[in-house]
Amino acid sequence: MTSPSWPSDWRTRASRAALRAAGILVPPWARDDWRSEWEAELWQLRNEGIGGGTLLVFLAGAFWHGAWEWKEGWGMGSFSQDVKFSLRTLGRSPGFAAAAVLILALSIGASTAFFSVIQKAVLDEPPFPDPDRIVVVDMLIAGPDTEPQPSEWSYPRFDALRGEVRSIERLAGYQLRTMTLSEHDDPEVVPVEVVSPSIFPLLGVSPARGRVFGPEEEDRGAAEMVALVSHSLWQRRFGGADDLVGRTLTLEGLSVRVVGILPPGFEGATGRAELWVPFASLREIQEPSLLEDPWNQYFHVMGRLSEGATVEMASAEAQAFGATIMDRFPPPVAASRLRASADVVTLREARQNPGARASMLALFGAVLLFLLIAVANLAGLLLARGTVRQQEAAIRVSLGAGRSRLLRQILTESLVLAVLGGALGVGLAWLGVDTLGGWLAEALGTAGGRGLEYFDPSSVAVDLRVLAFAVLLTGGVGVACGILPAWQAARCDPSESLKGARVVGRGAGRFHGFGGRDLLIGGQVAVALVLLTGASLMIRSLVNLQGVDPGYDTDRLLTAMYALSPADEQAGLEPGILHVDVLEEIRALPGVTGATLGEVPLGGPTWRTIVMGSEGRPELTPQEHLWVRIQPVADGHMGVLGVEIVEGRDIERTDDWDTERVAVLNRAAADALFPDGNPIGQRFRLGWSGYGGAGATVVGVVEGLQLDPPGEPPERQVFLSIRQAPQLQTGLLIRAAGDPSDLVPTVRSVLAELAPSVPLTSVMTMEARSVTATARPRVVTVLTTLFGALSLLLVAAGLYGSIAYAVARRTRELGLRASLGANQLALLGLVVGHGVTVTAGGIALGILGSIGAARFVQGLLFGVQSMDLAALAGSAATLVVVALVAAYLPGRRAMRVDPMEALRTD
Amino acid sequence: MGRSLGDGTIAVLNAIRSRLAYGLDIVADTGMLPGTVYTTLRRLERRGWIEGRWEDPAVAEAERRPRRRYYTLTSEGREALDQAEARLEEASLGEAARASASGRSG
């Protein structure tokens, strides 16, 4: 007989374990059939590759059916009797019942709430038909000393790809950018997707009104520019006007005709777009070369697997194509050290930000660990109650009550507690899920590197899948908490139990050797150690992040950005002149103590280029080219921001278009460009189109600014004078005398007056930017610390309860020892020693667990290793101290046992 | 005359009448929650309206999977379903009649 071939993945294994747990509820005579039937169904589901919500609902069904079989099998009378009996016994110890229900409600509620966020952010499918057939084709670029990174495509390369790859059909390019809609002098920046027309059939969407783009509109462009509008933009900006299709809008200062409106809920490939234009529009909007230059890379590509094709086949084809890119499109000198290739990933994978995903899963892991502690804690409590009630049980058994009835009674009690806790927990989750979703969304943002974003925090809700998860959890918790006490009761020997009223239950409350309760406590200590170690790693990492010196003064700084469109420039707005005018007016505003232009830290705009040559080495070989991050800045930039000047001078007002071009380097750039020292006065050449390939003279060296979130490596920075290298886009940095937010209206009006068609965007205080930039580590830290603290509390309560109980049970033994001459300290040592031994065992296990868990958190840490001795030792020490206190309190009682008193009671 | 059957029960019986079905088929055909489907199956089985049979072990073994439990309608079950559907039809006819009557009066 060959056994069934089960898939060996964790989902299948976990599901089978859940089925076994649910099967415990089914009466023994029906259990085998029940199990076989559900296993056969599970096998089928898993072999069809079904997981996620369907699997959860299925497993919840198994628990439901198991409970139903119990009720049917033992008879409704017996079932309701058991429930009533449980409620009555719980009612007799309301403190215990309340504590148990609260612990369960907290842990089940937290798990459920987290699950509802995770299922939307991580597990949910992209909102397109047959999403598993949609793939993203990555252009991969590797530098001389970097691994291949997903990068963007250029139009000619994309066109070549489309002509050759057979296993992917409907290949479509997409790029999300912001553009300004400005009819009636009411400029609004809207997210726009620049797309291939095939993206609409690819994503399975048809227009709600009008039409989508035709294939001929992709690159050639028709007589006029065309656009599609999202349902929400149609409603919001155009009030749902019936005549919008056919109307002409002003986009980036150009006329575009609306040819269609897309259905409600459709937000494009990126999940954020409100307007769509075909690639051809870029010729007018930006520059004609965007469709011809093979090295102008700016968009991503997705497609649908052809009939019968697999991801592997598509991947092989893409790789084969990728290998030919460098030969087909020989790079300009500047990029000759780059290597290009291509590969395919599924849309599901492509849309997740690995960092956000790891944070989210680490948090969910922490919640589940907390749940595990809660279960062990409650099992311990039930076990203790079981021991106390063993005598009652023994009497019932000797009076003829069946053992199985006793078992059911104990299991019922645990299930009743679980159901009460679960119901309260779902209520808590239902109340808290909106807040949690919004909070996590802001902090964890799920967008992947390819600009794909579908997570909508407002969609997080307690739905059927979440309820199935909660039912499953509740059932599992109920069985898990009850199984050990039930087993203990089944082992109970009535004659033994009835013999001695005080010395009952082997393994109950002993000081030598270890029983079930000790195992439970040790297990809790172990899990708590993992949680505490994780939390302290997060705290240390966060402290490191916040300790990073930004290199400039972030205090009272208002930041914003604006960008001119090429149409603005054609209409006569000269960026070089406008930037300086805006700056001068803002500097003259009351309440402004300083202002400058440049890259806004944590905001942009960001430009990078290469240094092609330097003094003495006018033509660096491609192997010697250096990447640098450049930014045109206003005069006095370093002074306004408070950046330390190491050598030379700041950019000055006299560094104008008609004087020698100058540059200020940060130390990293200076060291790399001029390793022999003394960079001041030296010249170098940039390969940047905005600089016309001309050289610049170094006039200063500064420490540099932290432009990216702390944790990112510092870059080589080059500061140019904005009067010598104006760009269409710039950032504004304004130092206020008072609250920087007070300046927002006046700053807005300055720009509105000087350039009415240019909107001010991304207006934020620097403080708010920093808070957002460290939001993810902060949220992860706060939550893991919270769960760590809660679990410490549970462990302390569990340990205290267990030892206090043991002392109470062993009063006679302690008294005997005292009468035989054991001194008080020896008694204290006996009690505390036992508690510490159990804790030490748990810690040893927990260290192993922490080592295992380390790899899951490594990616989330900054400046600290996941195997950090200090974190481990600190957490272990905390647990030992807690254990000592928890054991000392009952230990004191043991010291005071009066031998005569103790021996008399019985 | 038995009491009238719930929609769920009728859906499950119908699914079994239309093909030799095992649990998942019935879940798929009726669109009901698995928990409800299996408890309904068990109830109907105990009432004698359907019959569950373990498939031939050889078949399952050949496909290296656990044995499935297939359900068929018994003659009693068929009768009960026919009656229930007849009653449903009557009821909907009656409703239509009432609707047209009120249409005339209005």
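If you take the alpha carbon radius of gyration of the range A:56-141 and divide it by 2.2 N^0.38 Å, what ratio comes out, to two decimals? Kindly include the intermediate steps, with their values, before the conclusion.
Working: Rg = 22.1 Å, N = 86, 2.2 N^0.38 = 12.0 Å.
Normalised Rg, Cα atoms only: 1.85.
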Q | For the range A:839-890 versus the range A:251-275, the gap between their alpha-carbon centres in whole angstrom | A | 53
Q.
How many Å² of accessible surface get buried when B and A come together, counting both sides, probe radius 1.4 Å, rounded to the nearest 100?
A. 2100
Q: Identify, among A:S791, A:V758, A:T774, the residue whose Cα sits farthest towards the positive end of the charge dipole of the range A:735-812, taking +1 on the Cβ of Lys and Arg and -1 on the Cβ of Asp and Glu, with the dipole about the Cα centre.
A: A:S791
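Where does each of A:Y888, A:Y562, B:Y70 land when they are ordered by accessible area, with a 1.4 Å probe and the largest first? Each step should come with its number before you reach the end.
Numbers: A:Y888 100, A:Y562 5, B:Y70 45 Å².
In descending accessible area the options line up as A:Y888, B:Y70, A:Y562.
Regarding the range A:268-334, what is the average projected area of its C-alpha convex hull, in nm²?
Working: hull surface 27.5 nm².
Over every viewing direction, the Cα hull of the range A:268-334 projects on average to 6.9 nm².
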Q. Using a 1.4 Å probe on the protein chains only, how many percent of the accessible area of chain A belongs to carbon and sulfur?
A. 58
Q. Could the peptides A:780-786, A:536-542 be put in order, highest first, of the mean number of other beta-carbon atoms found within 10 Å of their residues?
A. A:536-542, A:780-786
(Q) Counting only protein heavy atoms, probe 1.4 Å: which residues of the range A:2-22 lose 30 Å² or more of accessible surface in the full assembly compared with their chain by itself? (A) A:T2, A:P4, A:S5
Q. What does the charge dipole of the protein assembly as shown about its Cα centre add up to, to the nearest 20 debye, if the Cβ of each Lys and Arg holds +1 and the Cβ of each Asp and Glu holds -1?
A. 6820
Q) Using a 1.4 angstrom probe on protein heavy atoms only, which residues from the range B:49-77 are buried by at least 30 Å² of accessible area when all chains are present rather than their own chain alone? A) B:W54, B:E61, B:R64, B:R65, B:P66, B:R68
Q: State the answer as a single residue: which of A:A316, A:T435, A:N377 lies farthest towards the positive end of the charge dipole of the range A:282-437, with beta carbon charges of +1 for Lys and Arg and -1 for Asp and Glu, about the Cα centre.
A: A:N377
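Residues of A:37-49, mean number of Cβ from any other protein chain within 10 Å of their own Cβ, rounded to a whole number?
Working: counts 11, 5, 4, 11, 10, 2, 7, 7, 3, 0, 3, 1, 0.
Mean partner shielding for this stretch: 5.
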Q: Determine the per residue accessible area of the protein assembly as shown with all protein chains present and a 1.4 angstrom probe, expressed in square angstrom.
A: 43
Q. Size of the dipole of the range A:649-717 about the Cα centre, Lys and Arg at +1 and Asp and Glu at -1 on the beta carbon, nothing else charged, in debye to 20?
A. 200
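Kirkwood-based Rg over Rh for the range A:347-391 (C-alpha set), two decimals? Don't skip to the answer; put the middle values down first.
Numbers: Rg = 19.1 Å, Rh = 13.3 Å.
Value, to two decimals: 1.43.
Find out how many positive minus negative residues lie around A:D868, taking Lys and Arg as positive, Asp and Glu as negative, among other residues whose Cβ is under 14 Å from that of A:D868. If you can, show how the numbers build up before the last one.
On the way: positive: A:R540, A:R855; negative: none.
My count for the surroundings of A:D868 gives +2.
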Q. Using helices alone, what [θ] at 222 nm do you get for chain A, with -39,500 (n - 2.57) per DSSP H run of 4 or more residues, divided over all residues and rounded to the nearest 500?
A. -17000 deg cm²/dmol
Q.
From the protein chains alone at 1.4 Å, what is the descending order of accessible area for A:R735, B:R64, largest first?
A. B:R64, A:R735
Q) Farthest toward the dipole's positive end in the protein assembly as shown, which of A:S359, A:A567, A:L519, given Cβ charges of +1 (Lys, Arg) and -1 (Asp, Glu) about the Cα centre? A) A:L519
Q. Assigning unit charges at the beta carbon (Lys, Arg +1; Asp, Glu -1) and nothing else, what dipole magnitude in debye, to the nearest 20, does the range A:761-906 show about its Cα centre?
A. 120
Q) If one puts a single equal scatterer on every Cα of the protein assembly as shown and applies the Debye formula without solvent, what log₁₀ I(q)/I(0) results at q = 0.09 Å⁻¹? A) -1.15
Q: Select from chain A the helices, each a whole stretch of DSSP H, whose alpha-carbon atoms run 20 Å or more along the helix axis and whose Kyte-Doolittle mean is at least 1.6; answer none if there are none.
A: A:94-118, A:354-388
Q. Counting pairs of alpha carbon atoms under 8 Å apart in space and at least six apart in sequence, what relative contact order in percent does chain A give?
A. 15
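The values are calculated or read from the model by the stated rules, or taken from the named source; none is laboratory data. Because the structure is a prediction, the values reported are computed rather than measured. Backbone-built Cβ (ideal geometry, glycine too); neighbour counts: all protein chains shown. These accessible areas exclude ligands, DNA and RNA; they are computed on the full protein's heavy atoms, side chains included. Shrake-Rupley method; radii C 1.70, N 1.55, O 1.52, S 1.80 Å.
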